[in-house]
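Undergrad: Quick one: the structure is below, and I'll ask about it shortly.
The values are calculated or read from the model by the stated rules, or taken from the named source; none is laboratory data. Remember, it's a predicted structure, so these values are computed and weren't measured experimentally. Reconstructed Cβ throughout: ideal geometry from the backbone, glycine too, with neighbour counts over all protein chains shown. Note: areas computed on protein heavy atoms with side chains; ligands, DNA, RNA excluded. Shrake-Rupley method; radii C 1.70, N 1.55, O 1.52, S 1.80 Å.
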Amino acid sequence: MKILVIQQKRIGDVLTSTIISNNLKKKFPNVEVDYMCYSNCVDVLKENPNINHIIVLPEPIRKSYVKLFQFILGIRNNKYDVVIDAYCKLETNLISLFSGAKDRISYHKGYSNFFYNHTIKRFKNGSKSELGLAIENRLLLLKPLIKEEITDYKPKVFLTETEIKKAKNLLHKFGIQTGNKPLIMFGILGSEWYKTYPLEKMSEIIDFTVEQLDADVVFNYIPSQKEEALKVFNFCDPKTQKRIYLDLYSEGLRPFLSLLSQCNMLIGNEGGAVNMAKALNVPTFSLFSPSVDKETWQIFENEKENESVHLKDLKPEIYEQNDAKFIKENTFKYFNEYPIALILDKLKTFFIINNLKKG
């Protein structure tokens, strides 16, 4: 049997949907599972033993109906028995419909019955468990194939020994010996402007962390974001600055994952890096943007290793008085509603729970 799993969009989405391929291989060890994603997400899928082939849908193909049709013919030639579309947008609707697969599975929408013969209604009104809707709704897509209760629901990132060794060598190059002091990675920037906690306030959290743990700090950023990283660095106390390795970063997603695997914790803006840390079993303390749906992405917070702060938990009345569009347009106004003292208090407790203390 051959199965194609489709998940376009961002790294967090693609990583989360690997629970589909992982459970298919667990249930059907001899099945061939291919996974379709955008090119920027390939690295989170590499080395996953539950994925036979990674199929990339490049940007030029998406923008040309002729090229997309040719791409679909290539998919059809693969003769898949099942297509599971976790994205369910026009391009993947067409890929699924013309794939030739006998069973085509996706989410229920007003029109989706035309493209799929198994359509699944998502949970929308709050999480049914502590897993989060992002996990629960993807598990629903397995129901037509797996009737038993699914207990393997956590995405995983698979690294090689060589990749981990390179990360350790990079740390040694900067004079960091893992195990001597806590090494904390800070996600100082969100994937969008409205997902980025104010930089000056982020520096207060960094100062607090270094003071509490005597920790070494690395930032998660890419060279094009150096200016913003410098702003955060300059906002920090001079004592803290001495513990920040500003020039230590990884070029490429796989090296970043390897570096992240060597950190004791990730603190910062909710997003793809947080999802990757969870998949590496690195503890996370994340700050949600006021306009991001916490029910969907507040995942695995039943585990002591993961904690988050969301305005909806602090001041639910704001969401009763305003819609999501208004809150997004006024993101920084509502970020100011996050009491920094409360965040630091929660963070201190989080350090204790995860046995982090001064090195």
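Undergrad: Gap in Å between the Cα centre of the range 138-214 and the Cα centre of the range 308-359?
TA: The distance from the Cα centre of the range 308-359 to that of the range 138-214 comes to 19 Å.
Undergrad: What length, rounded to one decimal in nm, is gained on full extension from I340 through to N52, with 0.36 nm per residue of separation minus their alpha-carbon distance? All intermediate terms of the calculation are to be shown ahead of the outcome.
TA: Values: separation 288, 0.36 × 288 = 103.68 nm, distance 4.63 nm.
This chain segment gains 99.1 nm when fully extended.
Undergrad: Around K358, under 13 Å between beta carbons, what's the net of Lys plus Arg minus Asp minus Glu among the other residues?
TA: Taking every Cβ under 13 Å from that of K358, the sum is +1.
Undergrad: So for the range 11-89, what percent of the C-alpha to C-alpha distances run longer than 15 Å?
TA: Tail of the P(r) past 15 Å holds 60 percent of the pairs.
Undergrad: Also, I was wondering about something else. Would you mind working out the magnitude of the charge dipole of the chain relative to its Cα centre, with +1 at each Lys and Arg C-beta and -1 at each Asp and Glu C-beta, to the nearest 20 Debye?
TA: Around 960 debye, computed over the chain.
Undergrad: So, counting K/R as plus one and D/E as minus one, what does the shell of residues with Cβ under 11 Å around K166 add up to?
TA: Combined, the nearby Lys, Arg, Asp and Glu give +2.
Undergrad: Would you indicate which of (i) 37, 24, 19; (ii) 42, 30, 17; (iii) 45, 35, 17 is the value of semi-axes √(5λ) of the Cα gyration tensor in Å derived from the coordinates of this structure?
TA: (i)
Undergrad: Once Lys and Arg get +1 and Asp and Glu get -1 on their Cβ, which of T162, G175, S203 lies farthest toward the positive end of the dipole of the range 133-214?
TA: Going by the Cα projections, it comes out as T162.
Undergrad: Treating only the Cβ of Lys, Arg, Asp and Glu as charged (+1, +1, -1, -1), what charge dipole size does the range 86-190 show about its Cα centre? Round to the nearest 20 debye.
TA: 180 debye
Undergrad: Turning to a different aspect of this structure: May I ask for the distance between the Cα centers of the range 221-253 and the range 66-86, given as a whole number of Å?
TA: Here the two parts' Cα centres lie 43 Å apart.
Undergrad: For a label point 7 Å from the Cα of D152 along Cα→C-beta, name the residues of the range 1-32 whose backbone N is under 11 Å from it.
TA: 19-30
Undergrad: Ok, one more. What number, in nm² with one decimal, is the all-direction average of the projected area of the convex hull of the alpha-carbon atoms of the range 79-166?
TA: Computing the convex hull of the Cα atoms and averaging its projections yields 8.6 nm².
Undergrad: Right, next: Quick one: which residues, 5 or more positions from I6 or on another chain, have an amide H under 5 Å from its amide H? H modelled 1.01 Å from N in the peptide plane, none for Pro or chain starts.
TA: M36, I84, D85, A86
Undergrad: A further question follows. Put a dot 7 Å past each Cα toward the Cβ at L94 and K27; how far apart are the dots in nm?
TA: For K27 paired with L94, the spin-label model returns 3.0 nm.
Undergrad: Would you report the distance distribution of C-alpha pairs in the range 92-218 as whole percents per 5 angstrom bin, up to the bin with the largest distance?
TA: In whole percents, the pair-distance histogram is 2, 8, 11, 10, 11, 13, 12, 10, 9, 8, 5, 1.
Undergrad: Quantify, in whole percent, the carbon and sulfur part of the accessible surface of the chain (1.4 Å probe; protein heavy atoms only).
TA: 51 percent
Undergrad: With every protein chain left in place, what is the accessible area of R76 in Å² (1.4 Å probe, nearest 10)?
TA: 120 Å²
Undergrad: For a Förster distance of 30 Å, can you work out the FRET efficiency between the beta-carbons of H172 and I352, rounded to the nearest 0.05?
TA: 0.55
Undergrad: Ordering I222, I19 by accessible area with a probe of 1.4 Å, largest first, what comes out?
TA: I222, I19
Undergrad: If you bin every alpha carbon distance in the range 162-209 into 10 Å steps from zero, what whole percent lands in each bin?
TA: For the range 162-209, the pair-distance distribution reads 21, 35, 31, 13.
Undergrad: Mind putting a number on the dipole of the range 65-137 about its Cα centre? Charges go on the C-beta only, +1 for Lys and Arg and -1 for Asp and Glu, and I need it in Debye to the nearest 20.
TA: Roughly 180 debye, rounded to the nearest 20.
Undergrad: Kyte-Doolittle mean at least 0.5 and Cα extent at least 24 Å along the axis: which DSSP H helices of the chain qualify?
TA: Helices passing the filter in the chain: none found.
Undergrad: Can you find, among V82, Y221, A341, the residue sitting farthest towards the positive end of the charge dipole of the chain, where Lys and Arg contribute +1 and Asp and Glu -1 at Cβ?
TA: V82
Undergrad: Among DSSP beta bridges lying fully in the chain, give the percent that are antiparallel, nearest 5.
TA: Restricted to the chain, the bridges split so that about 0 percent are antiparallel.
Undergrad: Something else about it: Starting from the alpha-carbon convex hull of the range 156-311, give the projected area averaged over all orientations, in nm². Mind showing how you got there, number by number?
TA: On the way: hull surface 35.7 nm².
Value for the range 156-311: 8.9 nm².
Undergrad: Here's a follow-up. Within the chain, what is the longest stretch that has no chymotrypsin sites (Phe, Trp or Tyr not before Pro) placed in a DSSP loop and near at most 12 other beta-carbon atoms within 10 Å?
TA: Working: sites that count: Y111, F174.
Looking at the chain, 175-359 is the longest stretch - no exposed chymotrypsin sites (Phe, Trp or Tyr not before Pro) with at most 12 other Cβ atoms within 10 Å.
Undergrad: Right, next: If the chain between E211 and R122 were fully stretched, how many nm would it gain, using 0.36 nm times the residue separation less the Cα-Cα distance?
TA: Additional length available on full extension: 27.6 nm.
Undergrad: Please grab the % of Cα pairs in the range 234-359 that end up more than 22 Å from each other. Before the final figure, lay out each step's value.
TA: Working: 3566 of 7875 pairs.
The calculated P(r) of the range 234-359 puts 45 percent of pairs beyond 22 Å.
Undergrad: Express in nm, to one decimal, how much length is gained between K325 and D293 on full extension, taking 0.36 nm for each residue of separation and deducting their alpha carbon distance.
TA: The span from K325 to D293 would gain 10.3 nm if fully extended.
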